[in-house]
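Please treat every number below as a calculation from the coordinates, not as lab data. The model shown is predicted, which means the values in this text are computed figures rather than measured ones. Neighbour counts run over all protein chains shown; Cβ positions are idealised from the backbone, glycine included.
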Amino acid sequence: MHLYLKKFGKTLTSREDGREAFAAIQPSLGDDKGSDKMELNFEGVNTFTPSWGDEFLTPFLKKYGDRLILLNIKNPSVIATIKMLEKIHTISFNKK
Amino acid sequence: MGQVSALLDINQQTLRRWDDEGGKLKSHRSSTTSHRYYYIEDIEDFLSQNFKYLLDISNRWAFNSDTFEIPPRLYCSDRAIFKARLSKLEAAFIRENPSDDSYSLITSIVGEIGNNSFDHNLGKWPDLPGIVFGYSLSEKKIVLADRGQGILATLSRVREELKEDKQAIRVAFTEIVSGRAPENRGNGLKYVRKIAEDNANIKIFFQSGQATVNIRSKTEHLNIGQVDSSIRGCFAIIEY
């Protein structure tokens, strides 16, 4: 599955909005067969924060593990936020 | 004029001079001998072009126990208003320099500080809910303030050993709070610190209680201080 984060807005900052975004997308994720890849694409995101990211990316990582791939990590706040989440949770995201 | 004088803490003589000279802040009056009136929009524009006065009014709002009316453009009573104004700031950055995306670091730290105020004070605002959020694009300075419970009161609920503002502010800016802690949050200020440390053009001042912290790039240790004037909530200035 390939998902563009800009569908949730270009300014992704609050925990509340991150939580809502994850709750909104959950029904369309369906049953995980254990082999599907999940690609999250950051193209078009202007501002990203650890608060929003923690509520959205962390549950995705728990669900998909190594099969979660982050794409278009170019925006400075996206780069900085992902680094911070990796440090907080001592994890490493797969990035392309 | 009296109301404007009290609001901006500027004496009436100065306001008259600015008006007569056609300078900083113009009034509206039907003739040269009639009373001078000011539109709130003109005052808001004046504040956005004169950070010194914007900072002063934000300071008085945040530090005084009395309440006073602050120009509506500065006040975000709830998170939805803050979100809309943050998007407006982001749009202004993009308009100024469409090819440079480094603005996103500024909007992200403003987002973290502002949303922190709402997250940590939800249902617990001691008097006025919401935050003051103002900026001067020409001077490249931003102010954020809340009249919430402050860092010590918030953190001491999960870290009982914290007794002083300085200890609390150090924890807020340095220690990673585990996602398994009672509060699944608390890492926003660490991010704010990291961004300021890694970017030479960004400087941050933050105060809660009597504790202050100044963050500059390439500083290995947090510059935490103590001041006499205490704020119950939080007060932040960002320069970029």
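Things worth noting here:
- Helix runs (DSSP H) in chain B reaching 24 Å along axis by Cα, Kyte-Doolittle at least -1.0: B:79-96, B:103-121
- 12 Å beta-carbon shell around residue B:147, net charge (K/R +1, D/E -1): 0
- Note on the protein assembly as shown: percent of Cα-Cα distances in each 20 Å bin, starting at 0 and stopping at the bin with the largest distance, equals 29, 53, 16, 2, 0.
- Inverse mean reciprocal Cα-Cα distance (Kirkwood Rh) of region A:47-93, Å: 10.7 Å
- Computed over chain B, the alpha-carbon pair-distance distribution with 5 angstrom bins reads 1, 6, 13, 17, 18, 16, 12, 8, 5, 3, 1, 1, 0, 0, each value a whole percent.
- Rg/Rh for region B:1-113 stands at 1.04; both radii use Cα atoms, and Rh follows the Kirkwood definition.
- Magnitude of the charge dipole for chain A, about its Cα centre and with charges confined to Cβ atoms of Lys, Arg (+1) and Asp, Glu (-1), is about 280 debye.
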